[in-house]
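A.B. asks: First the structure, then my questions, so here it is.
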Amino acid sequence: MIKVNKSNKAKNKTFEFLTIFSMVFGVVVGGGIYLKNSGPNGVLAQANGNPYLALAVWVFIGVLCSLMMLTFIEAASSKTKSGHSTAQSWANTFVNRKTASLFSIMYVCMYLPILTSIGALFIVKTFFEGIESFTGNKFVETMGREGFMALKIFISTVILVGFSLMNTYTSKPSKLIQSVFTFIKFIPLMCVVVGGFAIFIKDPSGANSFNPSEEWPENNSNVFNLFFATAVPILFAFDGFIYAATLQKDCEHKEVVAPAMLTAIIAVTIFYLLITVGIFFGAEDGDIFGFFNNLFRDTPWVALLFKIIITCTLFTVVNGYTTLMPKTVQSAVEEGFIFNKAKQAKISLIKSGYISMSITLSVYILFLAISIAIGYASNPDGTTEINYFLVADLASSTTVIFAFTAYLIIMIGVLKNRKSGKVEVRKIKGGFVIGIITTILVTVMVGYIYYVFLIDRFLQKEFIDPMLLIVFSIIIFVVWVVNECLISKQDIETNDFVLRLNPKNWFKYNKELEIEKFKRKSNVK
């Protein structure tokens, strides 16, 4: 709840504006900036080493998200008095219940488990890479490659399970962790901005991403493919921005909501650009961790210190998602999006927590098993480290693609509501025209990204990305069909989904007769 000064309206408005601004800024700027500015799947790598293309995409995505925010402010305004304010509930309000169920399953079975798994693995990966760069390969020399990998996986698992259990039974530690580390996370980011420009001023002609010492390997993809491939990791850094729209629920002066949120997203875009330029000045490969190694080459202990700080701030990722997922399961069941045997009965947060942890661990173990198998298959001589983080890292792209597909569907629903007026919303001036333009842009972007990740990746003989898209699409669809059948069986008279699965009933059929037949069979059982 946003506490305001009721006695002074001017101060009240200013306070609400600044509160929303800071909360949006804090929500959006997170672990994505670290994950997607490092490694072979980072922003510069996706742009094939072209820093100017990477910066252009940062600007494009920042502007696009700013415009999208207007539509989601309208969507969230339908839930200011009661009900949940999530993508699933917005889909239920502006599209239909079946779409809301599909989104719920996507978030519960794929989106949140993947991001939680990435967070747990990335924390340990970041910490030990910092230690190894400072001490050398001491752990590998002492424990062996497999032993060191097993240690990192064990610690990641403990973190994942520990946070899942903690946030199932209590919320106090979670709030403290988020509050403290939300401020701390800006320390290394500000260092990147200042340090990157300092490196450039000190040696303008030195090797960096704008002036690399070696050319990047040739990539057969055209500029459009590179543009939209680069958009995916950047979208990951912005993903989650739409939930900032829910902050208006606690605002007395609704007129400050849109300006505050738009200003915050624009500020985030500028901040991300400054960080990216700083990284590009300090590291040829655009790797944020390599940047700290270069900046503190003469004092490696300082580089280690910053990496430890980053590791600590990454705990907010695991903490946040292990807090959110049980609540997502709980709200989806209670709103009727996910089947519950006891119809309309509530599900406890503890039960939701254990369901969430079971699903997350299943995805986590699957990713590890596939990554390790690929690692051993590609390195039979054991000369290089197995990248157990590989599939989880690549799966982050899948989560973003599916998430923005869901956002697009909701945006279309909100625009249709402008014409039908079925749902009461707080209309924003110019929102309809901007919404149409944004929806067209997002449609083009998402459509082309699907092309890049499904077809272009196959042509480039990179099979993991398209396989992840296909496999998770099948899993989500199958679970959704099963869920719809179970919901249909509970109330067959108003929901004949299970009957419609029969090919004979795909077109015209005697609904009343088929329902009676179904009820007789059910009674016999």
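A.B. asks: Taking the stated definitions as given, is residue 458 farther than 29 Å from residue 68 by Cα, touching a residue at least 24 places away in the same chain (Cβ under 8 Å), of a type in the set (Phe, Trp, Tyr) and part of a helix (DSSP H, G or I)?
C.D. replies: It is false that residue 458 is farther than 29 Å from residue 68 by Cα, touching a residue at least 24 places away in the same chain (Cβ under 8 Å), of a type in the set (Phe, Trp, Tyr) and part of a helix (DSSP H, G or I).
A.B. asks: Before we move on, is residue 363 touching a helix residue (DSSP H, G or I) at 6+ places or on another chain (Cβ under 6 Å), at pLDDT 90 or above and closer than 21 Å to residue 159 by Cβ?
C.D. replies: Working: touching a helix residue (DSSP H, G or I) at 6+ places or on another chain (Cβ under 6 Å): yes; at pLDDT 90 or above: yes; closer than 21 Å to residue 159 by Cβ: yes.
Yes: the conditions hold for residue 363.
A.B. asks: Which condition from (1) in contact with a Ser or Thr (Cβ under 7 Å, 6 or more places away or on another chain); (2) surrounded by fewer than 14 Cβ atoms within 10 Å (Cβ to Cβ); (3) not small (Gly, Ala, Ser) is the one that residue 459 breaks?
C.D. replies: (1)
A.B. asks: Which of the residues belonging to segment 110-159 are of a type in the set (S, T, N, Q), in a helix (DSSP H, G or I) and either free of Cβ contacts under 8 Å to residues at least 60 places away in the same chain or closer than 30 Å to residue 479 by Cβ (or both)?
C.D. replies: Start the filter on segment 110-159 by keeping residues that are of a type in the set (S, T, N, Q), which leaves 116-117, 126, 133, 135, 137, 142, 156-157.
Those left that are additionally in a helix (DSSP H, G or I): 116-117, 126, 133, 135, 142, 156-157.
Listed by number, the residues that qualify are 116, 117, 135, 142, 156, 157.
A.B. asks: Still on this model: Considering only residues that are of a type in the set (Ser, Thr, Tyr) and more than 21 Å from the chain's Cα centre (by Cα), look in segment 213-234 and name the one that is farthest from residue 51 (Cα to Cα).
C.D. replies: Looking at residues that are of a type in the set (Ser, Thr, Tyr) and more than 21 Å from the chain's Cα centre (by Cα), I get 221.
A.B. asks: If residue 351 satisfies all but one of (1) of a type in the set (Lys, Arg); (2) assigned to a helix (DSSP H, G or I); (3) farther than 30 Å from residue 468 by Cβ, what's the number of the condition it fails?
C.D. replies: If we test residue 351 against (1) of a type in the set (Lys, Arg); (2) assigned to a helix (DSSP H, G or I); (3) farther than 30 Å from residue 468 by Cβ, just (3) comes out false.
A.B. asks: Out of the residues in segment 131-163 meeting the condition of being more than 30 Å from residue 299 (Cβ to Cβ) and not hydrophobic (A, V, I, L, M, F, W, C), tell me which one is modelled with the lowest pLDDT.
C.D. replies: Out of the qualifying residues, it is 144.
A.B. asks: So which of 486, 469 ends up being under 23 Å from residue 102 (Cα atoms), more than 20 Å from the chain's Cα centre (by Cα), assigned to a helix (DSSP H, G or I) and not aromatic (Phe, Trp, Tyr)?
C.D. replies: Exactly one of 486, 469 is under 23 Å from residue 102 (Cα atoms), more than 20 Å from the chain's Cα centre (by Cα), assigned to a helix (DSSP H, G or I) and not aromatic (Phe, Trp, Tyr), namely 486.
A.B. asks: Here is a further query. Could you tell me which residue of segment 210-253 is modelled with the lowest pLDDT, considering only residues that are touching an Asp or Glu at 6+ places or on another chain (Cβ under 6 Å) and crowded, with 20+ Cβ neighbours inside 10 Å?
C.D. replies: Step by step, filter segment 210-253, then rank; the result is 251.
A.B. asks: Inspect segment 193-200 for any residue being surrounded by 23 or more Cβ atoms within 10 Å (Cβ to Cβ), under 19 Å from the mean Cα position of the chain (by Cα) and modelled with pLDDT of 85 or more and give the result as yes or no.
C.D. replies: Let us first name the residues in segment 193-200 that are surrounded by 23 or more Cβ atoms within 10 Å (Cβ to Cβ), namely 196.
Still in the list and also under 19 Å from the mean Cα position of the chain (by Cα): none.
Checked against the condition, which is being surrounded by 23 or more Cβ atoms within 10 Å (Cβ to Cβ), under 19 Å from the mean Cα position of the chain (by Cα) and modelled with pLDDT of 85 or more, segment 193-200 yields no hits at all.
A.B. asks: Within segment 498-513, does at least one residue satisfy the condition of being over 30 Å from residue 219 (Cβ atoms) and of a type in the set (Val, Ile, Thr)? Before you say what the answer is, go through the steps one by one.
C.D. replies: Taking segment 498-513 and keeping what is over 30 Å from residue 219 (Cβ atoms), we get 498-513.
Filter once more, so that each one left must be of a type in the set (Val, Ile, Thr): 498.
Within segment 498-513, one or more residues are over 30 Å from residue 219 (Cβ atoms) and of a type in the set (Val, Ile, Thr).
A.B. asks: Within the set of pairs 6+ apart or on separate chains, which have a first residue in segment 328-354 that is at pLDDT 85 or above and aliphatic (A, V, I, L, M), a second that is crowded, with 22+ Cβ neighbours inside 10 Å and not in a helix (DSSP H, G or I), and C-beta atoms under 7 Å apart?
C.D. replies: 332/338
A.B. asks: Restricting to segment 293-307, and then to whatever is of a type outside the set (Gly, Ala, Ser) and touching a Ser or Thr at 6+ places or on another chain (Cβ under 9 Å), can you tell me which residue is surrounded by the fewest Cβ atoms within 10 Å (Cβ to Cβ)?
C.D. replies: Looking at residues that are of a type outside the set (Gly, Ala, Ser) and touching a Ser or Thr at 6+ places or on another chain (Cβ under 9 Å), I get 300.
A.B. asks: Follow-up. Working carefully through the options 166, 106, find the one that is at pLDDT 90 or above, buried (at least 24 other Cβ atoms within 10 Å of the Cβ) and not basic (Lys, Arg).
C.D. replies: 106
The values are calculated or read from the model by the stated rules, or taken from the named source; none is laboratory data. Everything numeric here is computed off the predicted structure, so don't read it as measured data. When we count neighbours, we look across all protein chains shown, and the Cβ atoms used for this are built from the backbone with ideal geometry, even at glycine.
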